[in-house]
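The values are calculated or read from the model by the stated rules, or taken from the named source; none is laboratory data. This structure is a prediction, so every number in the text was calculated from the model and none was measured. Glycine gets a Cβ as well: all are built from the backbone with ideal geometry, and neighbour counts include every protein chain shown.
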Amino acid sequence: MTRGKLILIEGLDRTGKSTQTAKLVESLNGEASLVKFPDRSTQIGGLIHQYLTEPDFHLPDQAIHLLFSANRWEVAQTIKKTLAQGKHVVLDRYVYSGIAYSAAKQTPGMDLRWCAQPDKGLLKPDLTFFLSNAESGLRQGFGEERYESTEFQAKVREQFVAIFDTFEEAAYKKSHIVFLDTTNQSITQVHELVHSATTEFIRKNAEIDEFMYF
Ligand code: TMP
């Protein structure tokens, strides 16, 4: 039996990631499980939730960055075990969000490489969808959580672009990352694109058994 595939859906806030990850898992008919980051159900996730929702809950930028990473490390073994059992795992946000949101703060010393370091050694996705739309980062109407402002989202968008340019080689981008502009596309249309690209990828790469790491 070959291992399952690690599929990631990334993007800015309000680009439909959670809707699309849920629909993808459902359409894979029990062959995949969903993991969302941050996982707010753990103790570390509870601190992250407090940081995101309580303006008076202060943490240094470095500390919250490390907590987001630790929150991925605490689920890392479970993800690997699931994949080893032949089941796919669909991620709603992961390492790229971790780097992009922290680097967007432009805190002295916290450059892209610093931000990428704590996630070194985590499993690398087999297939990543990066969702964007013409308005993301510019639109109004974000929610109440920290980071949900037009100005900050525009900075995050720049960081995502820089991350894919800095860390990922052209060959990896070509065969492992799908950049999906969802402007004027319905939820169903985006889902059909995501679903068909995923099933095609799984079919073509069925024999790949070795894990990749950041
Ligand atoms: P969510 O809205 O997808 O639950 O994510 C909560 C916020 O946390 C969102 O603004 C993105 C941000 N975030 C980080 O800053 N670092 C991370 O590592 C992750 C996974 C999310």
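Listed by first and then second residue, the pairs with beta-carbon distance under 7 Å, at least 6 apart or on different chains, first residue in region 149-164 and more than 12 Å from Tyr96 (Cβ to Cβ), second modelled with pLDDT of 95 or more, are Phe152/Ala104; Lys155/Ala104. Residues in region 172-188 that are among the basic types (Lys, Arg) and surrounded by fewer than 14 Cβ atoms within 10 Å (Cβ to Cβ): Lys174 alone. Please work out if Ala63 is more than 22 Å from Thr19 (Cα to Cα) and surrounded by 13 or more Cβ atoms within 10 Å (Cβ to Cβ). Considered against the rule, which asks whether it is more than 22 Å from Thr19 (Cα to Cα) and surrounded by 13 or more Cβ atoms within 10 Å (Cβ to Cβ), Ala63 comes out as no. In region 22-44, the residue that is farthest from Leu131 (Cα to Cα) out of those that are within 10 Å of the ligand (Cβ to nearest atom) and not in a strand (DSSP E or B) is Arg40. Name the residue that is nearest to Leu12 (Cα to Cα), counting only residues in region 88-111 that are assigned to a loop (DSSP other than H, G, I, E, B) and either among the basic types (Lys, Arg) or within 8 Å of the ligand (Cβ to nearest atom) (or both). Here the residue is Arg93.
Okay, residues lined up against (1) within 14 Å of the ligand (Cβ to nearest atom); (2) in a helix (DSSP H, G or I); (3) of a type in the set (Gly, Ala, Ser):
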residue: Lys80; (1), (2), (3): no, yes, no
residue: Gly86; (1), (2), (3): no, no, yes
residue: Gly121; (1), (2), (3): no, no, yes
residue: Glu144; (1), (2), (3): yes, no, no
residue: Gln153; (1), (2), (3): yes, yes, no
residue: Arg157; (1), (2), (3): yes, yes, no
residue: Tyr172; (1), (2), (3): no, yes, no
residue: Val178; (1), (2), (3): no, no, no
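Could you please let me know if Asn71 is of a type in the set (S, T, N, Q), free of Cβ contacts under 8 Å to residues at least 60 places away in the same chain and not in a helix (DSSP H, G or I)? Spelling it out, it is not the case that Asn71 is of a type in the set (S, T, N, Q), free of Cβ contacts under 8 Å to residues at least 60 places away in the same chain and not in a helix (DSSP H, G or I). Listed conditions (1) touching a strand residue (DSSP E or B) at 6+ places or on another chain (Cβ under 7 Å); (2) over 30 Å from Thr2 (Cβ atoms) are all met by Ile177, apart from (2). Going through (1) out of contact with any helix residue (DSSP H, G or I) (no Cβ under 7 Å at 6 or more places or on another chain); (2) farther than 21 Å from Leu112 by Cα one by one, Thr198 falls short only on (1).
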